[in-house]
1. Given [x] 1.05; [y] 0.98; [z] 0.94 as candidate values of Rg/Rh (Cα atoms, Kirkwood Rh), which corresponds to the one derived from the coordinates?
2. Applying the Karplus parametrisation 6.51 cos²θ - 1.76 cosθ + 1.60 with θ = phi - 60° to the phi angles of the range 116-130, what ³J(HN,Hα) value in whole Hz is obtained for each residue in order, glycine and proline being reported as x?
3. Using Cα atoms only, what is the angle between the long axis of helix 139-148 and the major principal axis of the chain, expressed in degrees (0 to 90) to the nearest 10?
4. With every protein chain present, what accessible area does Y36 have (1.4 Å probe, heavy atoms only), rounded to the nearest 10 Å²?
5. Send over the per residue convex hull volume for the range 158-222, Cα only, as a whole number of Å³.
6. What FRET efficiency, computed as 1/(1 + (r/R0)^6) with R0 = 22 Å and r the Cβ-Cβ distance, is obtained for D304 and V200, rounded to the nearest 0.05?
7. Build a GNM of the chain with springs between Cα atoms under 10 Å: which of Y294, Y161, Y286 gets the top mean-square fluctuation?
8. Too long at a 22 Å Cα-Cα cut-off: which of K173/K206; K3/K88; K182/K206; K194/K303?
Amino acid sequence: MRKKVVAIIFGGSSPEYDVSLNSSYSIINAIDCEKYEIVLVGITRQGLWYRYSGGVEGIPNDDWHADEALLTRAFISPERSGGLLEIKDGNVRSVPVDVVFPVLHGRCGEDGTVQGLCELAGIPCVGAGLASSALCMDKDRAHKLVSLAGIRTPKAVCFEYVPGDEEILSAAKQLGLPLYVKPVKAGSSFGISKVESLAVVCDAAKAAFAFDDAIIMEENIDGFETGCAVAGNDELTVGRVDEIELSDGFFTYEEKYTLKTSKIHMPARIDASTELRLQEAAKVIYRTLGCRGYCRIDTFLSKDGEIIFNEANTIPGFTPKSRFPKMMQGIGIEYPELVDMLIGLCLEIHNSEL
């Protein structure tokens with residue numbers, strides 16, 4: 001029986017490029033090569049697509065694109081069953097692909113763009129589809145939909161245009177201090193500021209606009225952040241809940257990937273009934289946002305025990321030490337099994353649609 005061909009797409013033109021390299025390196029090493037044939041497709045920071053034939057060690061070091069002899073221009077054909085098209089010496093060759101596994105964090109990868117391309121091509125894509133990926137990436141619209149499902153979201157003001165300073169100050173006074181200013185569509189805390197003085201709120205808005213054409217200003221939640229891993233299509237598997245302990249400020253990009261002054265507790269330091277409430281809320285959010293395959297649902301737990309939705313990450317960080325795999329490990333699913341499970345869930349959806 002022919003092995004299924006899995007195209008792993010890594011890199012990308014978003015600020016989360018480096019995160020993608022580390023996640024994809026771990027996934028590649030965990031895939032069962034007895035079941036799957038792997039095709040590596042790298043996207044440079046400039047957005048150029050290549051099939052990479054070198055060693056996997058070149059990926060986390062960002063050396064994968066250094067040797068042109070190991071690169072072939074390649075891209076997914078939007079034509080149905082077009083597969084991966086390689087261009088070499090003026091010739092075009094089609095490489096059949098059974099599954100695309102996008103390991104692309106942030107914009108131009110996690111936001112529905114690559115998912116839509118795979119849908120056009122008729123190639124199963126691991127994780128959420130086009131509509132859900134785009135929705136989860138949009139903090140404002142995701143919050144509005146989840147609030148209709150009965151789960152609280154932070155009070156917020158969204159600007160889909162560049163407002164004047166007076167509008168920004170008015171929104172800040174309405175929300176109260178401290179507050180957060182965020183790009184509507186960005187990940188890994190890029191462009192996010194915690195604002196504790198009206199004197200800096202306009203500068204925070206400018207910083208957020210550097211990452212997106214819309215920003216959102218949110219109230220501060222007096223409590224702590226939790227996360228829950230959810231996987232599945234019709235039947236859902238829910239991991240343990242984790243907890244972020246901050247010594248100061250908020251969970252910045254540096255803190256997320258170095259943990260210099262913060263800690264992640266897995267499982268969270270909460271009682272069993274509270275963990276169950278968070279898991280049930282995560283499932284509601286997952287279904288409300290149309291997720292499939294897998295997603296990390298991030299919430300806040302207020303000091304009085306109320307659950308407040310923060311965001312949904314359809315392609316979360318995915319090294320063995322990342323939050324999603326650690327939460328799944330907490331219920332007995334080890335990393336290689338988890339990777340195999342996600343590919344299987346992708347094929348399950350595809351087979352049900354045939």
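1. Read-out taken from this structure: [y].
2. Rounded to whole hertz, the list is x, 4, 5, 5, 4, 6, x, 9, x, 10, 5, x, 5, x, 4.
3. 70 degrees
4. Here the residue's solvent-accessible area equals roughly 20 Å².
5. 72 Å³
6. Plugging the Cβ-Cβ distance into 1/(1 + (r/R0)^6) gives 0.15.
7. Looking only at Y294, Y161, Y286, the biggest GNM fluctuation is shown by Y161.
8. Exceeds cut-off: K3/K88.
The values are calculated or read from the model by the stated rules, or taken from the named source; none is laboratory data. Because the structure is predicted, anything quoted here is derived from the model rather than measured. Ideal geometry is used to build each Cβ from the backbone, glycine not excepted, and the neighbour counts take in all protein chains shown. Just so you know, the surface numbers come from the protein's heavy atoms only, side chains and all, with ligands and any DNA or RNA stripped out. Shrake-Rupley method; radii C 1.70, N 1.55, O 1.52, S 1.80 Å.
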